[in-house]
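**Student:** Mind having a look at this structure? Questions to follow.
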Amino acid sequence: MEGHRTEYVTRGARPPVSTAATVAALAALQFAFGAGALAGQEERSCGNRGSLEVTVLDETGTAVRGATVSVRWTDVVRRPVRRSTGADGRLVICVPRDARKATVWGQVGSGSSEQAVVAFGPGETREIALRVPAQTTSPGRLMGRVFDAQTKDAIRTAAVTVAGRPAAVESDRWGRFILTGVPAGPNQLQVRRLGYALLSHTINVKSGLATEVEIGLVPDPVEMEPLVATTTWSPRLEAKGFYERRYWGEMLGIGEFITQDYLERWQPYHISQLLSNHTRLRPRLLSARRGPRVRAADCLTIYLDSMNVSNLPINTIVVPSEVAGVEVYRAPVSLPTGLMRFHSGCNLVLIWTK
(Lines give C-alpha, C1' and ligand atoms only; values in the text may rest on other atoms or scores of the structure.)
Protein backbone atom coordinates (compact mmCIF):
# COMPACT_ATOMS: atom_id res chain seq x y z
CA MET A 1 0.00 0.00 0.00
CA GLU A 2 3.02 2.28 -0.44
CA GLY A 3 1.99 5.72 -1.66
CA HIS A 4 -1.65 5.02 -0.75
CA ARG A 5 -1.85 6.62 2.69
CA THR A 6 -4.52 9.07 3.74
CA GLU A 7 -3.02 12.21 5.24
CA TYR A 8 -5.00 14.17 7.78
CA VAL A 9 -4.19 16.64 10.51
CA THR A 10 -6.38 18.03 13.26
CA ARG A 11 -6.40 21.43 14.82
CA GLY A 12 -8.23 22.93 17.73
CA ALA A 13 -11.20 25.27 17.68
CA ARG A 14 -10.72 28.62 15.99
CA PRO A 15 -11.52 31.86 17.79
CA PRO A 16 -14.90 33.35 16.86
CA VAL A 17 -14.98 35.95 14.09
CA SER A 18 -17.64 38.66 13.90
CA THR A 19 -20.33 38.21 11.27
CA ALA A 20 -19.58 41.62 9.73
CA ALA A 21 -15.89 40.83 9.40
CA THR A 22 -16.63 37.45 7.84
CA VAL A 23 -19.02 38.92 5.26
CA ALA A 24 -16.54 41.66 4.38
CA ALA A 25 -13.70 39.19 3.95
CA LEU A 26 -15.76 36.92 1.72
CA ALA A 27 -16.90 39.85 -0.39
CA ALA A 28 -13.30 41.01 -0.88
CA LEU A 29 -12.19 37.52 -1.91
CA GLN A 30 -15.07 37.18 -4.34
CA PHE A 31 -14.21 40.50 -5.95
CA ALA A 32 -10.52 39.56 -6.26
CA PHE A 33 -10.84 35.96 -7.46
CA GLY A 34 -14.40 35.50 -8.69
CA ALA A 35 -17.24 33.41 -7.30
CA GLY A 36 -15.72 30.11 -8.46
CA ALA A 37 -12.71 30.50 -6.20
CA LEU A 38 -15.02 30.54 -3.18
CA ALA A 39 -16.84 27.33 -4.04
CA GLY A 40 -15.06 25.39 -1.32
CA GLN A 41 -15.15 28.25 1.22
CA GLU A 42 -18.67 29.66 1.06
CA GLU A 43 -19.97 27.42 3.84
CA ARG A 44 -17.17 28.16 6.29
CA SER A 45 -19.57 29.80 8.77
CA CYS A 46 -21.04 27.03 10.96
CA GLY A 47 -21.96 29.27 13.88
CA ASN A 48 -21.04 27.62 17.16
CA ARG A 49 -21.05 24.16 15.58
CA GLY A 50 -17.88 22.30 14.67
CA SER A 51 -16.69 21.92 11.10
CA LEU A 52 -14.65 19.63 8.86
CA GLU A 53 -12.41 21.42 6.36
CA VAL A 54 -11.52 18.80 3.75
CA THR A 55 -8.93 19.11 0.98
CA VAL A 56 -8.62 16.42 -1.71
CA LEU A 57 -5.16 16.04 -3.29
CA ASP A 58 -3.89 14.02 -6.23
CA GLU A 59 -0.66 11.98 -6.23
CA THR A 60 1.41 15.14 -6.79
CA GLY A 61 -0.13 16.96 -3.83
CA THR A 62 -2.23 19.26 -6.05
CA ALA A 63 -5.72 20.12 -4.83
CA VAL A 64 -8.46 18.55 -6.99
CA ARG A 65 -11.50 20.52 -8.07
CA GLY A 66 -14.81 18.65 -8.21
CA ALA A 67 -13.61 15.65 -6.17
CA THR A 68 -16.38 13.86 -4.27
CA VAL A 69 -16.13 13.86 -0.46
CA SER A 70 -18.21 11.35 1.53
CA VAL A 71 -18.80 11.61 5.29
CA ARG A 72 -20.56 9.14 7.56
CA TRP A 73 -21.27 10.09 11.17
CA THR A 74 -20.34 6.98 13.13
CA ASP A 75 -21.80 7.76 16.57
CA VAL A 76 -25.16 9.39 15.77
CA VAL A 77 -28.05 8.74 13.40
CA ARG A 78 -27.59 11.44 10.77
CA ARG A 79 -27.83 11.49 6.99
CA PRO A 80 -24.48 10.73 5.29
CA VAL A 81 -22.90 13.64 3.40
CA ARG A 82 -21.76 13.36 -0.23
CA ARG A 83 -20.61 16.61 -1.83
CA SER A 84 -17.98 17.98 -4.24
CA THR A 85 -14.95 20.16 -3.58
CA GLY A 86 -14.81 23.70 -4.94
CA ALA A 87 -12.40 25.40 -7.33
CA ASP A 88 -9.69 25.35 -4.65
CA GLY A 89 -10.13 21.61 -3.98
CA ARG A 90 -11.64 22.29 -0.57
CA LEU A 91 -14.97 21.66 1.11
CA VAL A 92 -16.34 22.83 4.47
CA ILE A 93 -18.91 20.63 6.20
CA CYS A 94 -20.75 21.68 9.36
CA VAL A 95 -20.81 18.97 12.03
CA PRO A 96 -24.11 17.98 13.72
CA ARG A 97 -24.18 19.32 17.28
CA ASP A 98 -24.27 15.86 18.87
CA ALA A 99 -21.73 14.15 16.56
CA ARG A 100 -18.26 13.37 17.92
CA LYS A 101 -16.82 11.00 15.32
CA ALA A 102 -16.89 10.66 11.52
CA THR A 103 -15.42 8.59 8.71
CA VAL A 104 -14.31 10.68 5.71
CA TRP A 105 -12.96 9.69 2.30
CA GLY A 106 -12.51 11.24 -1.14
CA GLN A 107 -13.07 10.04 -4.70
CA VAL A 108 -11.66 11.28 -8.00
CA GLY A 109 -13.24 9.39 -10.88
CA SER A 110 -13.07 5.73 -9.93
CA GLY A 111 -10.08 6.28 -7.62
CA SER A 112 -10.59 6.50 -3.87
CA SER A 113 -8.48 7.64 -0.92
CA GLU A 114 -8.17 5.68 2.27
CA GLN A 115 -10.60 6.95 4.85
CA ALA A 116 -9.78 9.21 7.77
CA VAL A 117 -11.51 8.49 11.08
CA VAL A 118 -11.84 11.86 12.80
CA ALA A 119 -12.90 12.66 16.36
CA PHE A 120 -13.84 16.17 17.45
CA GLY A 121 -15.30 18.12 20.35
CA PRO A 122 -18.09 20.71 20.42
CA GLY A 123 -17.29 23.72 18.24
CA GLU A 124 -13.94 22.38 17.03
CA THR A 125 -12.60 22.64 13.49
CA ARG A 126 -10.73 19.71 11.94
CA GLU A 127 -8.63 20.04 8.80
CA ILE A 128 -8.31 16.86 6.74
CA ALA A 129 -6.17 16.20 3.65
CA LEU A 130 -7.22 13.17 1.58
CA ARG A 131 -4.78 11.93 -1.04
CA VAL A 132 -6.10 9.96 -4.02
CA PRO A 133 -3.16 8.15 -5.67
CA ALA A 134 -2.86 7.50 -9.40
CA GLN A 135 -2.93 3.80 -10.17
CA THR A 136 -3.20 1.79 -13.34
CA THR A 137 -5.92 -0.25 -11.65
CA SER A 138 -8.28 1.82 -9.53
CA PRO A 139 -8.83 0.57 -5.97
CA GLY A 140 -12.30 -0.44 -4.80
CA ARG A 141 -14.24 -0.23 -1.56
CA LEU A 142 -15.69 -2.66 0.96
CA MET A 143 -18.82 -1.45 2.74
CA GLY A 144 -20.86 -3.71 4.95
CA ARG A 145 -22.26 -4.88 8.25
CA VAL A 146 -21.08 -7.22 11.02
CA PHE A 147 -23.70 -9.14 13.00
CA ASP A 148 -24.08 -12.11 15.34
CA ALA A 149 -24.76 -15.18 13.18
CA GLN A 150 -27.07 -16.64 15.84
CA THR A 151 -29.04 -13.64 17.15
CA LYS A 152 -28.70 -11.40 14.02
CA ASP A 153 -27.86 -8.47 16.34
CA ALA A 154 -25.36 -5.87 15.14
CA ILE A 155 -21.81 -6.19 16.49
CA ARG A 156 -20.03 -2.93 17.28
CA THR A 157 -16.26 -2.32 17.59
CA ALA A 158 -15.39 -5.37 15.47
CA ALA A 159 -11.94 -4.84 13.89
CA VAL A 160 -12.16 -5.17 10.08
CA THR A 161 -9.09 -5.17 7.83
CA VAL A 162 -7.56 -6.67 4.70
CA ALA A 163 -4.06 -8.10 4.30
CA GLY A 164 -1.48 -5.40 3.59
CA ARG A 165 -3.52 -2.61 5.17
CA PRO A 166 -1.66 -0.79 7.96
CA ALA A 167 -4.62 -0.56 10.34
CA ALA A 168 -8.11 -1.90 10.92
CA VAL A 169 -11.39 0.02 11.03
CA GLU A 170 -14.08 -0.62 13.63
CA SER A 171 -17.73 -1.36 13.01
CA ASP A 172 -20.06 1.30 14.43
CA ARG A 173 -23.05 0.91 16.76
CA TRP A 174 -25.11 -0.51 13.89
CA GLY A 175 -22.36 -2.94 12.91
CA ARG A 176 -21.52 -0.99 9.73
CA PHE A 177 -18.02 -0.32 8.43
CA ILE A 178 -16.25 1.19 5.41
CA LEU A 179 -12.88 0.23 3.92
CA THR A 180 -11.78 2.48 1.05
CA GLY A 181 -8.68 2.30 -1.13
CA VAL A 182 -8.74 -1.52 -1.20
CA PRO A 183 -6.59 -2.94 -4.05
CA ALA A 184 -8.57 -4.49 -6.88
CA GLY A 185 -8.51 -8.28 -7.05
CA PRO A 186 -8.53 -10.99 -4.35
CA ASN A 187 -8.10 -9.66 -0.81
CA GLN A 188 -7.94 -11.52 2.45
CA LEU A 189 -10.61 -9.99 4.70
CA GLN A 190 -10.22 -10.50 8.45
CA VAL A 191 -12.74 -9.62 11.18
CA ARG A 192 -11.93 -9.85 14.90
CA ARG A 193 -14.11 -9.30 17.95
CA LEU A 194 -13.61 -10.44 21.54
CA GLY A 195 -15.95 -13.35 22.24
CA TYR A 196 -16.23 -14.37 18.59
CA ALA A 197 -14.24 -16.71 16.37
CA LEU A 198 -11.82 -15.02 13.96
CA LEU A 199 -13.21 -14.72 10.45
CA SER A 200 -10.83 -14.87 7.51
CA HIS A 201 -12.34 -14.81 4.03
CA THR A 202 -11.09 -14.07 0.51
CA ILE A 203 -13.12 -11.38 -1.28
CA ASN A 204 -12.65 -10.30 -4.88
CA VAL A 205 -12.76 -6.48 -5.05
CA LYS A 206 -13.75 -4.95 -8.38
CA SER A 207 -11.67 -2.05 -9.72
CA GLY A 208 -13.32 1.30 -8.97
CA LEU A 209 -16.48 -0.29 -7.53
CA ALA A 210 -17.95 -0.80 -4.07
CA THR A 211 -18.53 -4.33 -2.80
CA GLU A 212 -21.13 -4.79 -0.06
CA VAL A 213 -20.33 -7.42 2.57
CA GLU A 214 -22.65 -9.04 5.15
CA ILE A 215 -20.57 -10.75 7.86
CA GLY A 216 -22.07 -13.08 10.46
CA LEU A 217 -19.61 -13.81 13.28
CA VAL A 218 -19.94 -16.96 15.36
CA PRO A 219 -19.62 -16.80 19.17
CA ASP A 220 -16.49 -18.64 20.28
CA PRO A 221 -16.33 -21.64 20.84
CA VAL A 222 -19.64 -22.52 19.13
CA GLU A 223 -19.07 -25.04 16.33
CA MET A 224 -20.58 -23.55 13.16
CA GLU A 225 -19.34 -21.85 10.03
CA PRO A 226 -19.26 -18.02 9.86
CA LEU A 227 -21.46 -16.32 7.30
CA VAL A 228 -20.22 -14.05 4.50
CA ALA A 229 -22.33 -12.67 1.65
CA THR A 230 -21.02 -10.17 -0.90
CA THR A 231 -22.70 -7.93 -3.47
CA THR A 232 -21.00 -5.62 -5.97
CA TRP A 233 -22.71 -2.24 -6.21
CA SER A 234 -23.95 -0.98 -9.54
CA PRO A 235 -21.98 2.16 -10.58
CA ARG A 236 -25.16 3.58 -12.12
CA LEU A 237 -27.19 3.15 -8.92
CA GLU A 238 -24.35 4.48 -6.80
CA ALA A 239 -24.16 7.62 -8.94
CA LYS A 240 -27.92 8.08 -8.52
CA GLY A 241 -27.57 7.91 -4.71
CA PHE A 242 -29.62 4.68 -4.47
CA TYR A 243 -27.35 2.95 -1.94
CA GLU A 244 -27.06 5.95 0.38
CA ARG A 245 -30.84 6.34 0.41
CA ARG A 246 -31.18 2.61 1.16
CA TYR A 247 -28.63 2.88 3.99
CA TRP A 248 -30.51 5.79 5.51
CA GLY A 249 -34.00 4.48 4.70
CA GLU A 250 -33.45 1.03 6.22
CA MET A 251 -32.03 2.60 9.36
CA LEU A 252 -35.07 4.87 9.86
CA GLY A 253 -37.73 2.73 8.23
CA ILE A 254 -38.28 5.11 5.31
CA GLY A 255 -39.04 3.54 1.93
CA GLU A 256 -38.61 0.08 0.43
CA PHE A 257 -35.62 -0.89 -1.72
CA ILE A 258 -35.42 -3.73 -4.24
CA THR A 259 -31.99 -4.60 -5.64
CA GLN A 260 -30.92 -6.56 -8.70
CA ASP A 261 -29.99 -9.55 -6.49
CA TYR A 262 -33.56 -9.66 -5.17
CA LEU A 263 -34.98 -9.47 -8.70
CA GLU A 264 -32.74 -12.30 -9.89
CA ARG A 265 -33.79 -14.45 -6.94
CA TRP A 266 -37.57 -13.98 -7.31
CA GLN A 267 -37.77 -13.38 -11.08
CA PRO A 268 -41.16 -11.63 -11.34
CA TYR A 269 -42.80 -11.81 -14.78
CA HIS A 270 -43.61 -8.11 -15.10
CA ILE A 271 -43.30 -4.85 -13.19
CA SER A 272 -46.88 -4.73 -11.93
CA GLN A 273 -46.41 -8.19 -10.40
CA LEU A 274 -43.21 -7.00 -8.74
CA LEU A 275 -44.93 -3.97 -7.22
CA SER A 276 -48.07 -5.78 -6.12
CA ASN A 277 -46.43 -8.95 -4.73
CA HIS A 278 -43.06 -7.74 -3.44
CA THR A 279 -43.85 -4.32 -1.92
CA ARG A 280 -46.33 -3.03 0.64
CA LEU A 281 -48.22 -1.04 -2.01
CA ARG A 282 -51.86 -2.07 -2.37
CA PRO A 283 -52.43 -3.86 -5.71
CA ARG A 284 -55.28 -1.55 -6.71
CA LEU A 285 -52.89 1.41 -6.72
CA LEU A 286 -51.37 0.09 -9.94
CA SER A 287 -54.54 1.07 -11.81
CA ALA A 288 -55.13 4.31 -9.87
CA ARG A 289 -55.02 7.70 -11.57
CA ARG A 290 -54.47 11.12 -10.09
CA GLY A 291 -57.30 13.59 -9.92
CA PRO A 292 -58.50 16.56 -7.88
CA ARG A 293 -60.51 14.29 -5.55
CA VAL A 294 -58.00 11.47 -5.18
CA ARG A 295 -56.36 11.22 -1.77
CA ALA A 296 -52.56 11.04 -1.57
CA ALA A 297 -52.73 7.54 -0.12
CA ASP A 298 -54.87 6.38 -3.07
CA CYS A 299 -52.74 7.54 -6.00
CA LEU A 300 -49.43 6.40 -7.44
CA THR A 301 -46.65 8.18 -9.34
CA ILE A 302 -44.07 6.08 -11.23
CA TYR A 303 -40.75 7.32 -12.63
CA LEU A 304 -38.54 5.30 -14.97
CA ASP A 305 -34.98 6.69 -14.96
CA SER A 306 -36.31 10.13 -13.87
CA MET A 307 -39.08 10.18 -16.53
CA ASN A 308 -42.70 10.25 -15.33
CA VAL A 309 -44.47 7.19 -16.79
CA SER A 310 -47.48 7.17 -14.47
CA ASN A 311 -49.96 7.31 -17.35
CA LEU A 312 -48.18 4.75 -19.53
CA PRO A 313 -48.65 0.94 -19.49
CA ILE A 314 -45.59 0.19 -17.35
CA ASN A 315 -45.49 -3.53 -18.27
CA THR A 316 -44.95 -2.70 -21.94
CA ILE A 317 -42.08 -0.22 -21.54
CA VAL A 318 -39.78 -2.08 -19.13
CA VAL A 319 -39.35 -5.67 -17.96
CA PRO A 320 -37.85 -6.85 -14.63
CA SER A 321 -34.71 -8.21 -16.32
CA GLU A 322 -33.84 -4.64 -17.39
CA VAL A 323 -34.17 -3.23 -13.85
CA ALA A 324 -31.19 -2.55 -11.57
CA GLY A 325 -33.12 -1.19 -8.58
CA VAL A 326 -36.51 0.00 -7.35
CA GLU A 327 -37.41 2.50 -4.61
CA VAL A 328 -40.91 2.76 -3.10
CA TYR A 329 -42.08 5.60 -0.85
CA ARG A 330 -45.61 5.45 0.52
CA ALA A 331 -47.54 8.70 1.05
CA PRO A 332 -47.44 10.77 3.16
CA VAL A 333 -43.83 9.88 4.11
CA SER A 334 -41.27 12.69 3.71
CA LEU A 335 -38.96 12.07 0.77
CA PRO A 336 -35.16 12.22 1.12
CA THR A 337 -33.72 15.61 0.17
CA GLY A 338 -32.29 14.38 -3.13
CA LEU A 339 -35.72 13.19 -4.31
CA MET A 340 -37.78 16.33 -3.71
CA ARG A 341 -37.96 16.93 -7.47
CA PHE A 342 -40.13 13.79 -7.66
CA HIS A 343 -42.58 15.02 -5.01
CA SER A 344 -46.20 14.62 -6.14
CA GLY A 345 -48.12 14.04 -2.93
CA CYS A 346 -48.81 10.44 -4.02
CA ASN A 347 -47.19 7.09 -3.37
CA LEU A 348 -43.92 7.15 -5.32
CA VAL A 349 -42.10 4.40 -7.24
CA LEU A 350 -38.65 5.02 -8.76
CA ILE A 351 -37.44 2.39 -11.24
CA TRP A 352 -33.77 2.48 -12.29
CA THR A 353 -32.61 0.42 -15.27
CA LYS A 354 -29.20 -1.20 -15.73
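**Student:** Checking the cross-link filter: which lysines have an alpha carbon closer than 24 Å to that of Lys354, excluding same-chain neighbours under 8 positions apart?
**Tutor:** The reachable lysines, counting only those whose Cα sits under 24 Å from Lys354, are Lys206, Lys240.
**Student:** Starting from the alpha-carbon convex hull of the stretch 116-199, give the projected area averaged over all orientations, in nm².
**Tutor:** That works out to 7.3 nm², a quarter of the Cα hull's surface.
**Student:** Give me a comma-separated list of calculated 3J(HN,Hα) values for the stretch 96-102, in order, Karplus coefficients 6.51, -1.76, 1.60 applied at θ = phi - 60°, integers in Hz, x for any Gly or Pro.
**Tutor:** x, 4, 9, 7, 10, 7, 8
**Student:** While we're here: List every residue whose amide H lies under 5 Å from the amide H of Val95, counting only residues 5 or more places away in sequence or on a different chain, with H placed 1.01 Å from N in the peptide plane.
**Tutor:** Result for Val95 returns Gly50, Ser51, Leu52.
**Student:** Using a 1.4 Å probe on the protein heavy atoms, what percent of the accessible area of the stretch 208-285 belongs to carbon and sulfur?
**Tutor:** 50
**Student:** What's the carbon and sulfur percent of the stretch 107-173's accessible surface, probe 1.4 angstrom, rounded to a whole number?
**Tutor:** Exposed carbon and sulfur together represent 47 percent of the surface.
**Student:** Skip the ligands, DNA and RNA, and give the accessible area per residue of the stretch 185-246 with a 1.4 Å probe, whole Å².
**Tutor:** 50
**Student:** For Tyr262 and Asp220, what does the FRET efficiency come to when R0 = 30 Å and r is the distance between their Cβ atoms, rounded to the nearest 0.05?
**Tutor:** It comes to 0.35.
**Student:** Here is a further query. I need the peptides 91-100, 343-352 ranked by packing, meaning the mean over residues of other C-beta atoms within 10 angstrom, with the highest value on top.
**Tutor:** Averaged packing, sorted descending, gives the order 343-352, 91-100.
The values are calculated or read from the model by the stated rules, or taken from the named source; none is laboratory data. What you are looking at is a predicted structure, and each value in this text was computed from that prediction instead of being measured. Reconstructed Cβ throughout: ideal geometry from the backbone, glycine too, with neighbour counts over all protein chains shown. For the accessible areas, the whole protein counts, side chains as well, though only heavy atoms, and no ligand, DNA or RNA atoms are used. Shrake-Rupley method; radii C 1.70, N 1.55, O 1.52, S 1.80 Å.
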